[in-house]
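What follows is a set of notes on a single structure, which appears directly below.
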Amino acid sequence: MGALRCAWRLPLLLVVVVGGCLAAIPLLPHGPKPGTAGAALLRNWSRIFLRLFGVRVVRLGEPLHDPVMFVANHASWMDITALHAVRPADFVAKAEIGHWPLVGWMARRGGTIFHQRGNNHSLASVMAVMSDRLRAGRSIAAFPEGGTAPPGTLKVFHARILQSALDAAAPVQPVALRYLRDGQPSLEVLFKPGEGFLHNVFRVLATRSLTAEVHFLKPVAFDPEGGRRRMAETARAEIAQVLGFDT
């Protein structure tokens, strides 16, 4: 059955990707600005894209209005698309994605801010861009873990990334992402040890239907004593509670 699913899903996926690229040329010149046709394109395209992988997106809770910084757990390469499907925002992603054929171009059109991991100068530049966009009324989404976590776990949330929200006086809202099959957590979209990106893509393409839940949680209040570190810990704890993980 997996081979049959790939046989009909893959051609449609190529059509959707190419069609999305063509539509993005006039509608997404500088990222998904709030309330524009470009933001609607990104949201609807993301839903269609995930449906071709057999993934239905469900939103729980209410996202804040622009501008806001969303901080989410990072489990799969699908996470960005799942959040875009319910609430488009400018994502912070690793710089390598910007060099991927077609995907990198789409990411730039989608307003992605690229960060060179382990490079403090890059992080400072990224945070400045994040603050500028928040002040301009756009929303930002980031993965404070800095990468995907092993199944059933959450990495430490790096607090420095929250400084851009504090500088722009923008609220911080945690987002919990999880993937379910028949109401139970599914590990099929997660990377297996040593698994490459393309292998994971085709493995997910061959699987049967899944549900991606996007939980928008209560905003994290600024703690004048604990500062951004306490905020990061609070966001992580709220997400862990939804996912059923130990903090």
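The values are calculated or read from the model by the stated rules, or taken from the named source; none is laboratory data. Everything numeric in this text was worked out from a predicted model, so none of it was measured. Positions of Cβ are backbone-derived with ideal geometry, glycine not excepted, and every protein chain shown enters the neighbour counts.
Scan the range 206-239 for residues that are under 16 Å from Ala82 (Cβ atoms) and of a type outside the set (S, T, N, Q) and report the count.
8
Restricting attention to the range 178-224, which residues are charged (D, E, K, R) and not in a loop (DSSP other than H, G, I, E, B)?
Correct list: Arg178, Arg181, Arg203, Glu213.
Please work out which one of (1) over 15 Å from Thr148 (Cβ atoms); (2) surrounded by fewer than 19 Cβ atoms within 10 Å (Cβ to Cβ) is the condition Leu187 fails and give its number.
Checking Leu187 against (1) over 15 Å from Thr148 (Cβ atoms); (2) surrounded by fewer than 19 Cβ atoms within 10 Å (Cβ to Cβ), the one that fails is (1).
Sort through Leu198, Leu162 and tell me the only one that's over 19 Å from Trp77 (Cβ atoms) and aliphatic (A, V, I, L, M).
Answer to the selection: Leu162.
If Arg43 satisfies all but one of (1) at pLDDT below 90; (2) in contact with a helix residue (DSSP H, G or I) (Cβ under 8 Å, 6 or more places away or on another chain); (3) charged (D, E, K, R), what's the number of the condition it fails?
Result: Arg43 fails condition (1) only.
Could you pull out the residue among Ala89, Ala176 that is at pLDDT 90 or above and closer than 21 Å to Ala39 by Cα?
When all the criteria are applied, what remains is Ala89.
Inside the range 45-141, counting only helices (runs of 4 or more DSSP H) that do not spill past its ends, which hold 3 or more residues that are basic (Lys, Arg), touching a Cys at 6+ places or on another chain (Cβ under 7 Å) and surrounded by fewer than 18 Cβ atoms within 10 Å (Cβ to Cβ)?
Filter on the range 45-141 gives an empty set.
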